[in-house]
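The values are calculated or read from the model by the stated rules, or taken from the named source; none is laboratory data. Here the structure is a predicted model, which is why all the values come from computation and not from measurement. Glycine gets a Cβ as well: all are built from the backbone with ideal geometry, and neighbour counts include every protein chain shown. To get the accessible areas, we keep the full protein, side chains included, count just its heavy atoms, and leave off ligands, DNA and RNA. Shrake-Rupley method; radii C 1.70, N 1.55, O 1.52, S 1.80 Å.
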Amino acid sequence: MMALLPLLLAESLTLSGPARPSEYMEASGRRAAFLGRENGSFEAWVYPLKVFHGFELLFELADYGEPIPAAGLSSGVEIRPESSTVRYSHASFTSDVTWLVPIDEPGGLVLVEVDASDVVGLRARFHTDLKLMWPAALGGQYSYWDEELSAYVITESTRRHAAIVGSPFASRPPTQPAHNLPDAPTELRIEVREPTVPIAIAASVNGLPEARATYRRLLGEREALARATEAHYRELREERTRIDTPDDALDRALEWGKVALDKGFVCNPQLGCGLVAGLGPSGRSERPGFGWFFGGDAFINLWAIGAYGDFETAERALRFLRDRQRDDGKMMHELSQGAVYIPWFEQYPYGYYHADTTPLYIVAVRDYVRLSGDLELARDFWPSLSKAFAYCLSTDEDGDGLMDNSLAGLGAVETGSLRSDEVLTDVYLAAVWTEAVHAMRELAQELGESRPASVPQALAQRFRDDDGIPFALLRDGTRQVETTAWPAFGLWRGLISSEPTLDALASSRLGADWGVRMLSRESALYDHKSYNNGAVWPFLTGMAALALYANDHPHAGWLYLEGTKELTFLGARGFVPELLSGDRLAPVDAAVPHQLFSTSGLVSPLLRGLVGYEPGRLAPKPPPGWDRFKVENLRHAQGFFDFEWQRFRGDSEDRIELRLEGTIGPLVVELSLPGGPVTWSPEPGTGVRTHEVTFRPGIEIEPIHAPLRPGDRSRRLRILEERFVDGTYTARLEGRRRTSYELRARIPFEVESVENGTRRGNVIDVVIPDGAGDWATVDLVVKLRR
């Protein structure tokens with residue numbers, strides 16, 4: 001059982017376990033998606049149409065008076081990139097039901113396998129919809145039974161839109177559905193005559209003949225379609241960047257991160273192919289998570305997609321968005337998949353209402369060109385980039401060189417107390433714009449175009465504060481001094497610097513074990529479940545981790561990366577939710593379960609922070625306990641290469657061996673070692689390059705964490721700062737009061753004393769003392785014998 005698709009690759013990224021009936025589960029491809037729960041219920045989308053909702057299976061046994069709902073029998077699930085399977089267990093039968101949405105088909109299959117001790121019948125119920133994605137609408141829907149297809153046909157008065165749901169083993173229903181779609185569920189009655197019973201769902205915006213052709217193809221070619229879908233994800237796994245570390249869960253999280261991002265690249269038959277923001281059930285509405293196209297989300301996700309080398313998807317996503325640029329140069333914020341049916345950009349406010357999307361576009365193109373070396377794309381995009389740049393320049397209300405929210409629109413926040421008409425410029429918009437100026441100057445130089453004016457200094461000047469970087473400049477000349485995670489982008493890109501803000505990002509003020517809060521928990525405005533005033537956002541967590549890695553706070557960067565890794569497997573298997581409570585490990589009620597930029601919050605800091613990969617540069621910062629890791633298929637303009645890092649520990653000296661294999665362009669490898677930074681510039685070309693560094697190690701500590709559990713409050717120990725002066729090592733630690741912690745410690749010296757900790761071999765115990773407040777800092781001091 002659970003072997004419906006035996007031709008699939010045996011070594012898959014299967015995530016399995018007991019069924020959790022309320023947790024999200026999906027099967028999705030470029031053109032369709034089944035969005036549901038681990039009990040087997042789901043809704044079916046064939047973009048841009050919602051075909052039905054409330055799908056459920058029921059089993060019939062002769063000695064039971066009523067059909068048995070399958071949902072109550074769900075006992076286990078197996079989730080793979082190419083399909084999802086639910087097992088149903090009963091005393092008289094076991095049934096494995098697989099959802100398969102082929103990678104490039106406008107429809108999908110439910111494959112039912114039954115192993116029964118008694119004769120079993122099957123019913124499939126669902127509520128028909130044939131509705132367009134929000135906010136567009138159709139009218140006049142009706143359905144009827146088609147004897148030849150053994151299926152229900154759902155269509156509407158113009159007959160442009162049609163869906164088919166059926167099975168070759170389905171029998172004529174006892175009653176026909178009404179022409180107007182009934183509130184009662186539509187039902188398929190199916191005889192179990194074969195080992196596998198297929199139920200096919202197909203739809204089209206081009207009429208019934210096209211839907212009928214898809215329906216027949218799904219049924220007649222299901223094994224070939226399954227193989228093609230598996231082959232797509234195998235290529236994603238094997239030909240894009242992958243990592244092998246001592247942390248198997250991290251390796252798997254990257255693979256599922258690639259899958260989650262790839263599933264967000266969808267094709268609409270009327271609009272084309274681009275990146276949506278996320279997926280999740282719509283219930284009785286027509287909003288499937290954030291399953292419509294977003295500009296800013298896409299540009300953020302391209303930092304991750306480009307890092308693992310999927311240049312083809314990155315280019316298509318950029319072209320999709322360039323084609324929606326407004327005449328004045330502003331870039332699109334969002335586009336409903338039902339937009340061709342309504343005056344979306346003319347009558348709805350959402351199309352262009354974000355300010356950060358336009359400078360992010362410039363930054364995303366520059367980043368793509370850096371990685372891929374595709375100057376032809378840069379040349380093709382230059383007129384569009386110039387328009388975008390001119391638009392950004394036009395939004396400077398006060399003449400300080402920065403874009404202003406007051407003219408350009410929303411930036412860091414959309415709701416809550418931080419959003420105010422008094423905000424002139426928020427720090428995120430200011431930083432993204434400053435980076436966009438850098439990007440335009442760089443691209444202009446590469447293309448031989450006129451370079452724009454030098455980078456404005458207003459970001460560093462106007463947001464500088466000895467107590468930390470404020471959130472925003474206000475129109476009356478004052479500052480909104482709230483401590484937020486929004487300076488992280490500027491800190492990552494080296495546009496601003498602030499040790500107090502880095503300290504806040506690393507500490508419990510902004511940090512939870514599962515990510516960074518948007519707003520400090522010490523603020524009077526803080527609300528743990530508020531969208532913009534305290535919830536944890538994994539995409540911001542990624543920015544925070546990148547900022548911390550870039551500014552020599554690798555312990556704090558790893559803490560966030562480790563937490564997001566665990567989120568990948570805690571809720572919806574393989575996906576990271578949109579946002580979570582700032583107080584306890586649980587998604588907020590409105591959170592989308594599969595949010596692309598939340599997954600980028602894992603992939604980007606892993607590849608660009610821990611591995612430290614940027615074009616022409618590798619600056620690895622592995623956790624202290626690692627002795628090895630290998631990254632395969634790092635892609636750049638000249639080709640691909642693998643990078644291997646190994647550490648050999650000795651009594652008084654350690655050795656790091658570096659190995660590069662493949663095609664190497666101009667590259668600098670930077671190592672942060674106790675004695676100071678070390679660089680290596682391998683000779684460009686194809687082949688193997690090796691390098692060895694010997695050094696005297698320093699003191700290394702690493703907190704020992706228990707796994708995260710849903711419902712937990714934040715409690716993990718944080719390493720905020722380390723310093724070694726005149727034979728004394730000091731680590732500033734933060735933890736919950738009255739809590740005991742363990743740290744792995746490597747101290748390759750003779751120790752005179754340990755203050756605020758008890759040493760037990762390779763472990764140090766630290767107790768956070770009692771006092772006011774939930775959290776406190778303590779200095780762990782190790783004095784060496786002279």
Self-check item: Segments classed as strands (runs of 3 or more DSSP E), wholly inside the range 1-90, with at least 1 members that are at pLDDT 95 or above and closer than 24 Å to S117 by Cα
Solution: 15-18, 49-61, 74-79, 84-89
Exercise. Return yes or no: is R521 out of contact with any Asp or Glu (no Cβ under 6 Å at 6 or more places or on another chain), within 29 Å of G735 (Cβ to Cβ) and assigned to a loop (DSSP other than H, G, I, E, B)?
Key: yes
Quiz item: For the range 710-730, which residues satisfy the criterion of being farther than 14 Å from I699 by Cβ, assigned to a strand (DSSP E or B) and touching a Lys or Arg at 6+ places or on another chain (Cβ under 7 Å)?
Solution: R713, L720
Quiz item: Among the residues of the range 421-432, which ones are modelled with pLDDT of 95 or more and out of contact with any Asp or Glu (no Cβ under 8 Å at 6 or more places or on another chain)?
Solution: D426, V427, A430, A431
Quiz item: Of these, F320, F345, F311, which one is in contact with a Cys (Cβ under 7 Å, 6 or more places away or on another chain), more than 25 Å from A430 (Cβ to Cβ) and either open to solvent by less than 10 Å² (accessible area, probe 1.4 Å) or not acidic (D, E) (or both)?
Solution: F320
Quiz item: Out of the range 673-713, which residues are within 30 Å of W514 (Cα to Cα), among the β-branched types (V, I, T) and under 33 Å from the mean Cα position of the chain (by Cα)?
Solution: I701, I704
Quiz item: Is it the case that V114 is modelled with pLDDT of 95 or more and within 22 Å of V165 (Cβ to Cβ)?
Solution: yes
Quiz item: Any idea which of (1) open to solvent by 20 Å² or more (accessible area, probe 1.4 Å); (2) in contact with a helix residue (DSSP H, G or I) (Cβ under 9 Å, 6 or more places away or on another chain); (3) assigned to a loop (DSSP other than H, G, I, E, B) is the one G139 doesn't satisfy?
Solution: (2)
Quiz prompt | Hits in the range 110-136 (condition: touching a strand residue (DSSP E or B) at 6+ places or on another chain (Cβ under 8 Å), touching a residue at least 40 places away in the same chain (Cβ under 8 Å) and open to solvent by 40 Å² or more (accessible area, probe 1.4 Å)) | solution = D115, A116, D118, V119, R125, H127, K131
Quiz item: Going through the range 577-590 one residue at a time, which ones are buried (at least 23 other Cβ atoms within 10 Å of the Cβ) and either in a helix (DSSP H, G or I) or among the hydrophobic types (A, V, I, L, M, F, W, C) (or both)?
Solution: L579, L580, L585
Practice problem: All but one of (1) more than 21 Å from V763 (Cβ to Cβ); (2) modelled with pLDDT of 95 or more; (3) surrounded by fewer than 19 Cβ atoms within 10 Å (Cβ to Cβ); (4) of a type outside the set (V, I, T) hold for G727, so report the exception by its number. | Solution: (2)
Practice problem: Scan P677, P682, P697 and give me the residue that is out of contact with any Ser or Thr (no Cβ under 6 Å at 6 or more places or on another chain), assigned to a strand (DSSP E or B) and not hydrophobic (A, V, I, L, M, F, W, C). | Solution: P677
Practice problem: From T730, T739, grab the single residue that is farther than 19 Å from R584 by Cβ and without any contact (Cβ under 8 Å) to a residue 60 or more places away in the chain. | Solution: T730
Practice problem: Go through E435, E442 for me and flag whichever is buried (at least 18 other Cβ atoms within 10 Å of the Cβ), of a type in the set (D, E), part of a helix (DSSP H, G or I) and under 30 Å from the mean Cα position of the chain (by Cα). | Solution: E435
Quiz item: From V781, V693, V751, which residue is of a type in the set (V, I, T), open to solvent by less than 80 Å² (accessible area, probe 1.4 Å), in contact (Cβ under 8 Å) with a residue 12 or more places away in the chain and over 26 Å from I656 (Cβ atoms)?
Solution: V781
Quiz item: Any idea how many residues of the range 593-623 are open to solvent by 10 Å² or more (accessible area, probe 1.4 Å), outside any helix (DSSP H, G or I) and under 21 Å from N532 (Cβ atoms)?
Solution: 1
Quiz item: Counting only residues that are in contact with a Pro (Cβ under 8 Å, 6 or more places away or on another chain) and of a type in the set (S, T, N, Q), which one in the range 291-339 is farthest from S386 (Cα to Cα)?
Solution: Q337
Quiz item: If you check A390 against the conditions, is it small (G, A, S), touching a residue at least 24 places away in the same chain (Cβ under 8 Å) and crowded, with 24+ Cβ neighbours inside 10 Å?
Solution: no
Quiz prompt | Where a residue in the range 445-470 is touching a residue at least 40 places away in the same chain (Cβ under 8 Å) and over 22 Å from Y428 (Cβ atoms) and its partner, wherever it lies, is aromatic (F, W, Y) and open to solvent by 20 Å² or more (accessible area, probe 1.4 Å), with Cβ under 9 Å and at least six apart | solution = L447/W382; E449/W382
Quiz item: Of all residues in the range 357-392 being among the acidic types (D, E) and in a helix (DSSP H, G or I), which is nearest to the chain's Cα centre (by Cα)?
Solution: D367
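Yes/no matrix, rows are residues, columns are (1) open to solvent by less than 20 Å² (accessible area, probe 1.4 Å); (2) under 23 Å from A504 (Cα atoms); (3) outside any strand (DSSP E or B):
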| residue | (1), (2), (3) |
| --- | --- |
| R732 | no, yes, no |
| R744 | no, no, no |
| R759 | no, no, no |
| D765 | no, no, no |
| A776 | yes, yes, no |
Quiz item: Do we find a residue being touching a residue at least 60 places away in the same chain (Cβ under 8 Å), of a type in the set (D, E, K, R), surrounded by 15 or more Cβ atoms within 10 Å (Cβ to Cβ) and outside any loop (DSSP other than H, G, I, E, B) anywhere in the range 700-707?
Solution: yes
Practice problem: Considering only residues that are in a loop (DSSP other than H, G, I, E, B) and over 19 Å from the mean Cα position of the chain (by Cα), look in the range 263-286 and name the one that is farthest from K131 (Cα to Cα). | Solution: L271
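Conditions tested, residue by residue: (1) out of contact with any Lys or Arg (no Cβ under 9 Å at 6 or more places or on another chain); (2) over 14 Å from T358 (Cβ atoms); (3) of a type in the set (A, V, I, L, M, F, W, C); (4) modelled with pLDDT under 95.
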| position | (1), (2), (3), (4) |
| --- | --- |
| F381 | no, no, yes, no |
| S384 | no, no, no, no |
| G416 | yes, yes, no, yes |
| A453 | no, yes, yes, yes |
| P456 | yes, yes, no, yes |
| D467 | yes, yes, no, yes |
| T484 | no, yes, no, no |
Quiz prompt | Only listed residue being touching a Leu at 6+ places or on another chain (Cβ under 6 Å) and over 29 Å from L606 (Cα atoms), chosen from A431, A458, A453 | solution = A458
Quiz prompt | Breaking point among (1) under 22 Å from Y350 (Cβ atoms); (2) open to solvent by 10 Å² or more (accessible area, probe 1.4 Å), for R451 | solution = (1)
Quiz item: Which of the following residues is surrounded by fewer than 16 Cβ atoms within 10 Å (Cβ to Cβ), farther than 11 Å from Y152 by Cβ and at pLDDT 95 or above: A178, A226, A213?
Solution: A213
